[in-house]
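Contents: one structure, followed by commentary.
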């Protein structure tokens, strides 16, 4: 299996959960990692951990819903290491609830983080990824978008979350068709129930329902999803893994 020595990756939402686990996994495989999130204190702790294990990491405090900050995060990464090989668009929010009487601010927040931030980061990273795809050591580059089973199926009570994750899938497929001949790959990871902080942002009555649902099964953990990301980006140059759908064995929806 190939390693990521000599490559550079950006992971958004790297201060916790799937992003944090993914940063560790890619660093362990040899990539230098730009850690992008709003919580600078957590990023510094993770960067120190990666450095202590012999890796390289750059903590970048940024709110990537602001396009200028997204662009600056990419620029800072390339300024540090001179290239960019992998972009993991992980940052996201899941604000569930019925359409009727929904706080419109929740819808706006999901659109900002789950869609606009993905677009801003991908747009800013694109020229650097295309350049890396023409260079050693791999002559291929990767975008990995963290979606959800909500990007595959529509459920009552998650209309706008469904909208955002279906949008990520549609964007990713069009991206694949446009850039596959240039060896810029795209993979979508669609997790089911995972033990992360996503549910912490739900309204109390909805959080209770979700916690009860999670308690009824052996949920996935962030390392499970990080391993899926690692699998995608370590394929040989002639392989592109388009989608990985991964659920807990006990999840029946």
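Overview of values
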| read-out | value |
| --- | --- |
| Subset of segment 222-242 [farther than 20 Å from residue 133 by Cα and touching a strand residue (DSSP E or B) at 6+ places or on another chain (Cβ under 7 Å)] | 222, 224, 225, 228 |
| Flag if residue 105 is within 21 Å of residue 165 (Cβ to Cβ) and free of Cβ contacts under 8 Å to residues at least 40 places away in the same chain | yes |
| Qualifying residue in segment 131-149 (condition: touching a helix residue (DSSP H, G or I) at 6+ places or on another chain (Cβ under 8 Å), part of a helix (DSSP H, G or I) and surrounded by 14 or more Cβ atoms within 10 Å (Cβ to Cβ)) | no |
| Residues satisfying the stated conditions in segment 99-112, i.e. part of a helix (DSSP H, G or I) and out of contact with any helix residue (DSSP H, G or I) (no Cβ under 9 Å at 6 or more places or on another chain) | 104, 105, 108, 112 |
| Within segment 200-253, considering residues that are in a helix (DSSP H, G or I) and free of Cβ contacts under 8 Å to residues at least 12 places away in the same chain, the one surrounded by the fewest Cβ atoms within 10 Å (Cβ to Cβ) | 204 |
| Where residue 55 falls short, out of the listed (1) farther than 19 Å from residue 145 by Cβ; (2) buried (at least 20 other Cβ atoms within 10 Å of the Cβ); (3) at pLDDT 95 or above | (2) |
| Verdict on residue 118 being in contact with a strand residue (DSSP E or B) (Cβ under 6 Å, 6 or more places away or on another chain), closer than 30 Å to residue 237 by Cα and assigned to a helix (DSSP H, G or I) | yes |
| Residue under evaluation residue 96, criteria (1) over 13 Å from the mean Cα position of the chain (by Cα); (2) in contact (Cβ under 8 Å) with a residue 60 or more places away in the chain; (3) assigned to a helix (DSSP H, G or I), criterion not met | (3) |
| Output for segment 186-199, where each listed residue is outside any loop (DSSP other than H, G, I, E, B) and modelled with pLDDT of 75 or more | 186, 187, 188, 189, 190, 191, 194 |
| Among the residues listed as 176, 156, the single one being touching a residue at least 40 places away in the same chain (Cβ under 8 Å), out of contact with any helix residue (DSSP H, G or I) (no Cβ under 9 Å at 6 or more places or on another chain) and not in a loop (DSSP other than H, G, I, E, B) | 176 |
| Residues (within 19 Å of the chain's Cα centre (by Cα) and buried (at least 18 other Cβ atoms within 10 Å of the Cβ)) located in segment 99-110 | 110 |
| Residue in segment 111-125 that is over 17 Å from the mean Cα position of the chain (by Cα) and farther than 23 Å from residue 227 by Cβ present | no |
| Condition met for residue 91 (on the phi < 0 side of the Ramachandran plot and assigned to a helix (DSSP H, G or I)) | no |
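Listed here are the residues, each with its yes/no results for (1) closer than 17 Å to residue 122 by Cα; (2) buried (at least 24 other Cβ atoms within 10 Å of the Cβ); (3) modelled with pLDDT under 95.
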{"residue": "27", "(1), (2), (3)": "no, yes, no"}
{"residue": "33", "(1), (2), (3)": "yes, yes, no"}
{"residue": "36", "(1), (2), (3)": "yes, yes, no"}
{"residue": "40", "(1), (2), (3)": "no, no, no"}
{"residue": "43", "(1), (2), (3)": "no, yes, no"}
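The values are calculated or read from the model by the stated rules, or taken from the named source; none is laboratory data. Since the model is a prediction, treat every value here as computed from it, not as a measurement. Every residue, glycine among them, receives a Cβ derived from its backbone with ideal geometry; neighbour counts consider all protein chains shown.
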